[in-house]
Amino acid sequence: MILKISFYAIVLYLSVIVYCHLQYPELRWNWENISTDKILFPSTFIWGTATAAHQVEGNCVNNWSEFEKGSKDDGQPNIKDNQQSGIASDHWNRYPEDIKLIKELGVSHYRFSVEWSKIQPAQDTFNQDALDHYSRMIDMLLENNITPVLTLHHFTHPLWFDKLGAFEKEENISIFISFCEKVFHEYSHKVEYWCTINEPAVVATQGYFSGMFPPGKKDSQLSAEVLKNLLDAHVQVYHSLKKMENGPKVKIGLVKNINQFEPWRRWHILDWIISKAVNHFFNDSAIDYLRTGIFKIRIPGLAWIYHENPNATNSMDYFGLNYYSHNHLKFQLSLKEPFTMEFRDEDTMTDMPYTIYGEGLYRAIESVSALDVPIMITENGIADAEDSRRELYIKRYLYAVSKAIKDGYDVIGYFYWSLMDNFEWAFGDDMKFGLFSVDFETQERSLRDGSKAYIQIVKNEN
Ligand code: IFM
């Protein structure tokens, strides 16, 4: 009897593993046989580069600047080596110079965010100087034939909003909507592309699951609720802006980071379960919500949530896709940390805990194409202080985009992250994502050699 049961158990185990293995392959191209030297794009393709206010502007007083001063339960600083954003890349004062850099790249679009805490320093106060500042910046972009792409929420919000519970509370969504309406009222006659919220799953998981982002909590159920509220906020902002003057003629999208989670050991059922659960939370819950209007996360013992919003299915003029890499997860017997992140020896690492995996961008495009709206790559780039892998990264990821277009996917644009070095959140200033390096002592900007590959592709001179 025991033998029989063991036999059936082994057959079942093997069948599940074989099924998963075949059903969810980890796409790998043979790059030796792929030429990335001449990558072509349609003439209408949108080329751009991106930044976010807190990371480049400096002098922000918000949930992040507060978090930067603190430390974790184990005494480790929240930010590597206790770094603080300070004046960052001083983009607030130097934007005229930076617009010249954007022109030098040959791109036609610039994605940036407005800093909510500067525009609305108190719940009942809008700061006209801050509004005028962004207005001047937008005007200067337009004078230089650069189309502004404005993000309304990129990780930061005012401290007063944080004190009210931020996106932990559904009732706070209306406060965010009022801010968005104000900004839209100011600029919608001159800004054609809008991003509502940047990477809601990152805000929810890093802020409430890993504790690496503010508010540094570790509560998986709350993390799921915050994700639901952020996605609902996107849907509500979309529909309220669409009703305003200029609403029908502008393009509004959500920006979502896709990061595939793969089993470290493809023969190990627990690695599959862990990676499926993390994918379900991080990627699929949001995509399914936008596709079906149903948001559900069902991970027993960790997070359980079900929510319906029929307006979600019609809440985007385009999908903003951020893509960097994939991660391999290895199960371990620990309630506190049920998995570790692993990297294959043969993979080329970036300075971040990411590998160079161009195939992943193709896979991400494939998976979000289910939403049936145009796809804009709103972020993609490499942290590479030595500048030894940037060219390779750019060529491989852009090859993946060009192949996706050739294969019929509706990808309309690509924004390199980032225009210049900036404050990389919990990693501080150490991560060098910039096409232009920034010397944080002198604020001098210089084009990196590896970035020239991007310029050549943009200008079709590759
Ligand atoms: O710097 C971040 C950005 O703010 C959001 N997307 C990922 C980037 C690199 O980590």
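Points worth noting:
- Each Lys or Arg adds one and each Asp or Glu takes one away; over the other residues whose Cβ falls under 14 Å from the Cβ of W272, this sums to +1.
- For region 64-161: rounded, prolate or oblate by the Cα gyration tensor [a/c cutoff 1.5]: oblate
- Estimated purely from DSSP H runs of n ≥ 4, each contributing -39500 (n - 2.57), the mean residue ellipticity at 222 nm for the chain is -11500 deg cm²/dmol once divided by its residues.
- Region 441-462-region 1-23 distance, computed between alpha-carbon centres (Å): 53 Å
- Maximal additional length on extending the S210-L164 stretch stands at 14.4 nm, based on 0.36 nm per residue less the C-alpha distance.
- In this structure, the pairs whose alpha-carbon distance is over 30 Å, taken from K103/K403; K118/K395; K163/K336, are K118/K395.
- Take the Cβ atoms of N82 and D387, set R0 to 22 Å, and the FRET efficiency comes out at 0.25.
- Rolled with a 1.4 Å probe across the full set of protein chains, the surface gives F261 an accessible area near 30 Å².
- Rg of the Cα atoms in region 127-258, relative to 2.2 N^0.38 Å, amounts to 1.10.
- Each peptide among 400-409, 205-214, 442-451 gets the average number of other Cβ atoms lying within 10 Å of its residues, and from highest to lowest they stand as 205-214, 400-409, 442-451.
- Surface composition of the chain: carbon plus sulfur atoms contribute 52% of the solvent-accessible area (1.4 Å probe, protein chains only, all chains present).
- For the peptides 26-33, 134-141, the ranking by packing is 134-141, 26-33, with the highest mean count of neighbouring Cβ atoms within 10 Å listed first.
- Probe 1.4 Å, accessible area per residue of the chain, Å²: 42 Å²
- At R0 = 60 Å, FRET efficiency that the Cβ-Cβ distance of K100 and L333 yields, to 0.05: 0.60
- Computed extension length for K190-D410: 76.7 nm, one decimal, from 0.36 nm per residue of separation with the Cα-Cα distance subtracted.
- Nitroxide proxy distance, nm - points 7 Å out along Cα→Cβ at D317 and K72: 4.1 nm
- Simple spin-label estimate for N309 and H21 gives 4.1 nm between the two label positions (7 Å along the Cα-to-Cβ direction from each Cα).
- Counting only DSSP beta bridges with both residues in the chain, the antiparallel share comes to about 30 percent.
- Overall form of region 184-329 per C-alpha gyration tensor (a/c, 1.5; a/b vs b/c): prolate
- D439 paired with I269, simple spin-label distance in nm, labels 7 Å along Cα-to-beta-carbon: 6.0 nm
- Cα gyration tensor shape of region 278-345, rounded if a/c is under 1.5, else prolate or oblate by comparing a/b with b/c: oblate
- Pairs beyond 22 Å (Cα-Cα), from K38/K459; K256/K296; K80/K276: K80/K276
- Amide H contacts under 5 Å for Q332, placed H, 5+ residues apart: F339, T340
- Under 20 Å from a label point set 7 Å out along the Cα-to-Cβ vector of K218, the amide N atoms of region 335-375 belong to 335-342.
The values are calculated or read from the model by the stated rules, or taken from the named source; none is laboratory data. From a predicted model like this one, the values you see are computed outputs, not experimental measurements. No Cβ is skipped: glycine too gets one built from the backbone with ideal geometry, and neighbour counts run over all protein chains shown. Protein only, heavy atoms only, side chains kept; ligands, DNA and RNA dropped before computing areas. Shrake-Rupley method; radii C 1.70, N 1.55, O 1.52, S 1.80 Å.
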